[in-house]
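What follows is calculated from the coordinates using simple rules that are stated; it is not laboratory data. Since we're looking at a predicted model, the values are computed, not measured. Glycine gets a Cβ as well: all are built from the backbone with ideal geometry, and neighbour counts include every protein chain shown.
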Amino acid sequence: MSIFAGCQLTGMKKSTTAVSVEVGEVPWLSEATDKYKPRDKDLTCEMYVLQYYVDFEKKEFSGDVKIHINLLSVIPFIILDKGRCTIEELSIRRGNDYIDIDGVYDYTAKEKLVICLSRKLIPGKYKIVASVRGDLSEKPEGFFLINHSHDRLFAMTHFWPDHAKHVLPCFNDPAFKSVFIISLVRPTGLGFKAISNMKPEKRISDYPSEKLTTIYFMATPPLQVMSLTMIIGNLVTSDPSLAKLGYTVSVSCREELINRTKEVQDMICSIMGVIGKFIRTQFNLTKIDVVALPIPIFPPYCMGNPGVIVFNESEICSVSDKTSYYYTRVIRKMIHEVMHMWMGNMNSCLGDNISGVILFHETLCQRADDGTPFLELLKQKGIIPGIKVDRGVVPLFGSEDECTTQGLDDLAERCAGYKKEGCHFTKWRCVLKIGKNIPSYQAIMENANVLARYASIVQSQRMVPIVEPEVLPDGSHDLDRAQKVTETVIAACYKALNDHHVFLEGTLLKPNMVTAGMQCPIKYSPDEIAEATVTAFQRTIPPAVAGVTFLSGGQSEEEASVHLDAINKFVGRKPWPLTFSYGRALQASVIKAWGGKDENVKAAQDELIQRAKANGLAALGKYKAGTVRGAAADAELFVKNHAY
């Protein structure tokens, strides 16, 4: 019982009525917070929907919080980070149904909120709904008050590194990145303005009550909760400057200082232009708000988050009046914050656009220079490790130079070992060629049954099989022949998967796009390739399949991105996500930029990030051809009879 010394425990029953809980009633609480702390393998936090209001007279904030989670495994508790804020109501919902809650415990010793469930939650999508309130802090932590004068009031959030828990219950772990949809309620008129990471998209006056205005902001890209910014205060904003790359830059400050910030606005635009030319990567936010506030206790750094940079107003207002030393120091701070915002977004892009990596057996146990296992580095970036388990192609006797794939004999034992090492999915490749008399019925059925046996074995070891029946682009066949062969191969594959009782919802398909042979004299457009590919899939792939991850099949990096984009833009029935699982078309520019030299590692990393982002946009049908020019973007990557 001594572990609860100094703890305050509050239980909320199913009716959400708060009641006191005796200290001795929950002796398991300390152990539970360690054993069941949220991990990215147990759940993903997909989205926060937040609405906050600041009462400057009472020096309080209140808010409504909705956290959308996707459970990946069965759990008996939900544990959130929670600090000084008070939870007034809380519920968990699945669709329109409420989940029974036995109790909600505020474990102050570890700043955790423990939600005890009446029964274990099964995997699926849930929503945690809470009403919160709290006092505005006097220090720059959580939601804090800046009281310049009786008619100059400001409140803003500072969540770095772990202060978000004082404002909302959350998963305050860098491994969790979520979309944030934010709305802020401010007093109507009186010079009040609301600012967040994204641009406002809507405002409603006299809502939720008279003399209040609600500002709704655009959804953010996936962010860590510590990157969130919310500001409400007596601010005036300059006319935005439209930069060459399409984003806007504006400065917000007290009204009497607005005419002294033009130079700062121009400096930020110039800095962004120079950085854009230097790193050759698109800035993926729509605006930058530079906010100057009279913060008496300001950290030794600026408060910079995606879309918002906060300075102490004494530093940047009338900066030209300062000495050259002071001027240089301010410029350095601006460059640091802009680089942090831009490069921080870039670094997060790898995990945002790459969800899994397929390793070879020999790379599974490799380590970084500091000794960190490679699998651990992947997990830190939210990337799931997988493993290639086939042992290469062998001749298919009695055929015309056709082949099958080996490696089934000890597959179950190997999968058990890979699972223990930390891999969660596998991949097996079978290849077929198009010729005058091929692929033969023998080759199609042999490879379909090999893939089905592989998938069945892998699922028996509780891993996800990626099924890869690749029709090679070797030859001079046209698009129509490629489509017919692809349909025949995929149809046979799913017939075999069904015969072997493979659970399709637990599989991924890694097919080729339907493209003409490399020696075909006809050059087909991306739209024609998209139509042939989607049509072939509509006729052969069951809707139950969890997703389709294309191989690049010898296409150049740019071709693979453009064709994936066209496929996702094609108007037609597509019941599966259509994304990418590229090898050569994701690595060619990386390898060329690296060249085996240590000094080129950063350049190679940048190539990887920008091409990954391009393909991520293509998977949404939002890639603009030619916007990413890698070191080998247009290089032909076709290798005859490609094998590995």
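Details
- Spacing of the two label points (7 Å from each Cα toward its C-beta) at D527 and R133, in nm: 5.9 nm
- Calculated P(r) of the range 38-80 - Cα pairs past 17 Å, %: 49 percent
- Taking Lys and Arg as +1 and Asp and Glu as -1, the other residues whose beta-carbon sits under 14 Å from that of I204 total +1.
- In the chain, Cα pairs under 8 Å separated by at least six residues give a relative contact order of 7 percent.
- Between the range 383-413 and the range 158-175, the alpha-carbon centres lie 46 Å apart.
- Distant-in-sequence amide H partners of G103 (H built 1.01 Å from N, under 5 Å): C116
- Dipole magnitude of the chain, debye to nearest 20 (Cβ charges: Lys/Arg +1, Asp/Glu -1, about Cα centre): 320 debye
- Cα centroid separation, the range 223-276 to the range 495-534 (Å): 47 Å
- Every Cα-Cα pair of the range 494-641 was included, and the share exceeding 20 Å stands at 51 percent.
- DSSP bridge orientation in the chain - percent antiparallel, rounded to nearest 5: 70 percent
- Computed on the range 82-186, with alpha-carbon pairs under 8 angstrom and 6+ residues apart, the relative contact order is 27 percent.
- Radius of gyration over Kirkwood radius for the chain, both on Cα atoms: the Rg/Rh ratio is 1.01.
- Here's the picture: a label point sits 7 Å out from the Cα of K495 along the beta-carbon direction, and within the range 535-551 the residues with their amide nitrogen under 16 Å of it are 539-542.
- In this Cβ point-charge picture (+1 for Lys and Arg, -1 for Asp and Glu), the range 516-600 has a dipole of about 300 debye about its Cα centre.
- Taking Cα atoms only, the orientation of helix 557-569 departs from the longest principal axis of the chain by about 80 degrees.
- Mean sequence separation of contacting Cα pairs (under 8 Å, at least six apart), scaled by the length of the range 455-592, corresponds to a relative contact order of 27 percent.
- With a cut-off of 15 Å between beta carbons, the residues surrounding P542 carry a summed charge of +1, where Lys and Arg count +1 and Asp and Glu -1.
- Alpha-carbon centroid distance for the pair the range 93-126 / the range 442-460, whole angstrom: 41 Å
- Along the chain, the longest continuous region that contains none of the GluC sites (Glu not before Pro) in a DSSP loop with at most 11 other C-beta atoms within 10 Å is 211-644.
- Charge dipole (the range 114-182, unit charges on Cβ, about Cα centre) - positive-most of P161, P140, I122: I122
- With both labels modelled 7 Å from their Cα along Cα-to-Cβ, the R93 to I383 distance reads 3.8 nm.
- Normalised convex hull volume, the range 349-618, alpha-carbon set, Å³ per residue: 132 Å³
- Pairs with C-alpha atoms separated by more than 19 Å, drawn from the list K112/K420; K199/K613; K388/K640; K59/K110; K574/K622, are K112/K420; K199/K613; K388/K640; K59/K110.
- The charge dipole of the range 349-618, taken about the Cα centre with unit charges on the Cβ atoms of Lys, Arg (+1) and Asp, Glu (-1), comes to about 480 debye, rounded to the nearest 20.
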